[in-house]
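Read-outs throughout are calculated quantities, based only on the coordinates presented, and are distinct from any laboratory measurement. Just so it is clear, the model here is predicted, and its values are computed rather than measured. Cβ placement follows ideal geometry from the backbone for every residue including glycine, while neighbour counts extend to all protein chains displayed.
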Amino acid sequence: MMEVLERAVNRSPLSALLLLSLLQLAGSDVTGEEVGRKPNIVLMMVDDLGIGDIGCYGNDTIRTPNIDRLASEGVKLTQHIAAAPLCTPSRAAFMTGRYALRSGMGSTGRVQVLLFVAGSGGLPPSETTFAKRLQQQGYTTGLVGKWHLGVNCEDRGDHCHHPNQHGFSYFYGLPFTLFNDCLPGEDSDVLADLQHTLRNLTMLLGVGLFTLVCVRVCGLLDVGLWLLVALFFLAILATGVWYMPFKLLSTWNCIIMRNQEVIEQPMTVETLPRRLLVEAQNFIKRNVDHPFLLLFSLAHMHTPLFQNPAFAGKSRHGRYGDNLEEVDWMIGEMTETVDSLGLANNTLMYFTSDHGGHLEDTDPRIGQKGGWNGIYKGGKAMGGWEGGIRVPGIFRWPGRLAAGRVVDEPTSLMDLYPTLKHLAKDTQPDRQLDGYNLMPLLEGKVERSEHEFMFHYCGIYLNALRWHPHGSDSIFKVHFFTPNFSPPGAGGCYDTKVCLCHGEHVTHHNPPLLYDLLRDPSESRPLTPDTEPRYAEILEQAAKAAERHRSTLTKVQASDDTHSHPNADAHGVQSQMTWDKILWKPWLQPCCGTFPFCGCKEDTTGI
Ligand SMILES: *[C@@H]1O[C@H](CO)[C@@H](O)[C@H](O)[C@H]1NC(C)=O
Ligand SMILES: *[C@@H]1O[C@H](CO)[C@@H](O)[C@H](O)[C@H]1NC(C)=O
């Protein structure tokens, strides 16, 4: 029926209209509205949630009935892979359907995520997101929650990286992320070692200056006045450089914006979950009559953990578990909103996490603070180890997807872009994409994923890859290098809290480490030529695939101005993660009030 109609539309709209009215006269159940109507999309992304944190992924001590219900009413993906084990690059890839280094969002060194709202790095305005695509197809688009892909480029008001610029016509939430500095009394998450060095340096300068002044005043030594003046200005400079950006981190980074207006600074953490949920629900309620895309990007499970009295002490896993059960409740509220408005059959709901749990995040007082990655090795910021990149992935669409299906084939968060584009009937040509339309797999029309190879990045460095050979169930995983754990053998980078991807922080393997994920999902027994007859062939195929993949990439430039290269893609991609783009720039700081005296509170009495 649809085909006949589509062909008619192509030939002449008038005959389509005629056909449609004939159908209606004949009492057909195909109404004009259903034919033309595109599905609503509700994407729910949790921060730092591990695959082992969820009941339907094998956790039997945590209660996640609402997430489990989504899975039992829809399709559960067991090999759903994030493009990177950290927020900024994973989210960039998710939004654009391409590996982060294609948009310059992969790290080249020490800095792996955006650290300040007032840095100039972010998702380049030249990039295209699925939100932009759907907006062009007539969708109402909204982002509620965390963004973490930059705000400004050159001045406070340009909003070149802002969600509004990237296809979301409505934004309410955190341009940055929830992080420890937002709550007094927690550790600092931003360059803690640099902060300490700068503070010590400043103190040393102060003490030195004081001593020299004393010495001079007492006439013990003839200390030159120029030296005192120089030291004095150095001390002021040092204070400005470390105190301003770091001491006021909660003012600079813990911000809530509604569209391009800062409405709370610094934010009140306690009421944040409630406000995000209500905003997300209201967005759906406002748009019942029109196809919409909502990305609900939760502030949970990033530290600091919330302490909502309604959930405190209720779970069997301390404060982390309490937060997890609160997330589950929020997912239930979202589902209930969709269902009670009668939208279920025409709404694709998706649940995922941006990457795996943060194993190193523990606290002697409250225990576990990062997520749990189940049987998988490694976690957040550990390159290609499975625990950091294999995340929950659930799709529910009662009118269209069979309930209770499980898909074990490799899939990627980058698949969302082409999938949504397909559902929005967007057939425009696109850039080089790394994801595939998931609908055939979700609907059970095909058995095999189109991902024969999948590449795993640590920063901009190709760290590992997986191969799912044609005609075989095997999943081989090849690690070209692995991050060095500290202390050695600890199973994580406990000394620095996150692993790094370059220089002396990694160990290169020649020959590469090889695992068979089908038989050894925990990556605990590397294969050898003796244990795996195809050993040599697998490594050869992997090397060839890596080479083919590399040939599709444009060079990442550490630093260059885009002005001389209007078409950045053709000449190389400008890195967004360099020091000069990351560090705090006062003139880029979003602010309510008069800079630097920023401060305001949202009126939350109604919530
Ligand atoms: C369930 O999740 C909690 C919280 O992350 C974790 O501590 C626990 O080990 C998990 N249990 C299982 C069986 O995976
Ligand atoms: C939704 O779709 C299912 C399966 O096709 C059907 O059984 C159900 O009646 C539909 N619900 C509504 C409200 O249309």
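Select from the range 394-452 those trypsin sites (Lys or Arg not before Pro) which occupy a DSSP coil region and have at most 12 other Cβ atoms within 10 Å, ordered by residue number. Sparse-neighbourhood loop trypsin sites (Lys or Arg not before Pro): LYS425, LYS445. Distance between the pseudo-spin-label points of GLN432 and LYS445 (7 Å out from Cα toward the beta carbon): 2.8 nm. Couplings 3J(HN,Hα) for the range 97-103, derived from phi with the Karplus relation 6.51 cos²θ - 1.76 cosθ + 1.60 (θ = phi - 60°), are x, 9, 3, 4, 5, 5, 9 Hz, where x marks Gly and Pro. Near the amide H of PHE171, within less than 5 Å, lie the amide hydrogens of LEU143, ASN259, all on another chain or at least 5 residues away, with H placed in the peptide plane. Here the dipole of the range 154-299 is about 200 debye; that uses its Cα centre as origin and unit charges on the Cβ of Lys and Arg (positive) and Asp and Glu (negative). Normalised by the number of residues in the range 436-557, the mean separation of alpha-carbon contacts (under 8 Å, six or more apart) gives a relative contact order of 17 percent.
For the pair LYS314 and GLU540, label points projected 7 Å from Cα toward Cβ lie 5.9 nm apart. The magnitude of the dipole of the chain, with charges of +1 and -1 set on the Cβ of Lys/Arg and Asp/Glu and taken from the Cα centre, is near 500 debye.
Counted residue by residue at 0.36 nm each, then reduced by the alpha carbon distance between them, the extension gain from LYS601 to VAL215 reaches 134.0 nm. A DSSP coil position with no more than 13 other Cβ atoms inside 10 Å describes the following trypsin sites (Lys or Arg not before Pro) in the range 458-534: ARG519. Cross-link pairs exceeding 20 Å in C-alpha to C-alpha distance, out of LYS247/LYS585; LYS314/LYS369; LYS380/LYS477; LYS377/LYS497; LYS146/LYS601; LYS314/LYS377, comprise LYS314/LYS377. Placing dummy labels 7 Å off each Cα toward the beta-carbon, the span from ARG110 to GLN136 is 4.0 nm. Considering only GLY387, ILE256, PHE455, the residue lying farthest towards the positive end of the dipole of the chain is ILE256, judged by Cα position with unit charges set on Cβ.
What the phi angles of the range 449-456 give under the Karplus curve with 6.51, -1.76 and 1.60, with θ = phi - 60°, is a coupling list of 6, 7, 7, 6, 10, 9, 10, 10 Hz, glycine and proline written as x. Taking packing as the residue-averaged number of other Cβ atoms within 10 angstrom, the listed peptides 537-544, 458-465 run from highest to lowest as 458-465, 537-544.
Listed by Cβ neighbour count within 10 Å, with the fewest neighbours leading, VAL213, VAL407 appear as VAL213, VAL407.
In percent, rounded to a whole number, the relative contact order of the chain is 24, using alpha-carbon pairs under 8 Å and six or more apart.
The peptide list 176-189, 141-154, 245-258, put in order of mean Cβ contacts within 10 Å with the highest first, becomes 141-154, 245-258, 176-189. Backbone amide hydrogens, once placed in the peptide plane, bring VAL407 within less than 5 Å of LYS76, LEU77, THR78, excluding anything fewer than 5 places away on its chain. If I take every Cα pair under 8 Å that is 6 or more residues apart in the range 248-385, average their sequence separation and divide by the length, what percent do I get for the relative contact order? Computed value for the range 248-385: 16 percent relative contact order. Look at the dipole of the range 220-347 built from charges on Cβ: of ALA312, PRO266, VAL241, the Cα furthest out on the positive end belongs to VAL241. Evaluating 6.51 cos²θ - 1.76 cosθ + 1.60 at θ = phi - 60° for every residue in the range 589-601, the Karplus couplings come out as 6, x, 7, 9, x, 9, 4, x, 8, 7, x, 6, 10 Hz, glycine and proline recorded as x.
Amide H contacts of PHE481: HIS509, each under 5 Å away and 5 or more positions distant or on a separate chain (H built 1.01 Å from N in the peptide plane; Pro and chain starts excluded).
Take the Cβ atoms of ALA192 and LEU234, set R0 to 25 Å, and the FRET efficiency comes out at 0.60. Between the beta carbons of ARG286 and HIS509, assuming R0 = 56 Å, the FRET efficiency works out to 0.60 to the nearest 0.05. Kindly identify the range 423-533 as rounded, prolate or oblate by the Cα gyration tensor criterion: order the square roots of the eigenvalues as a ≥ b ≥ c, call it rounded if a/c is under 1.5, otherwise compare a/b with b/c, prolate if a/b is larger, else oblate. It comes out oblate by the Cα gyration axes. Restriction of the GluC sites (Glu not before Pro) in the range 240-284 to DSSP coil positions whose beta-carbon has at most 16 other beta-carbons within 10 angstrom yields GLU270.
Please say if the range 414-455 is rounded, prolate or oblate, where rounded means a/c under 1.5 for a ≥ b ≥ c the square roots of the C-alpha gyration tensor eigenvalues, and otherwise the choice is prolate for a/b larger than b/c and oblate otherwise? In terms of gyration-tensor shape, oblate.
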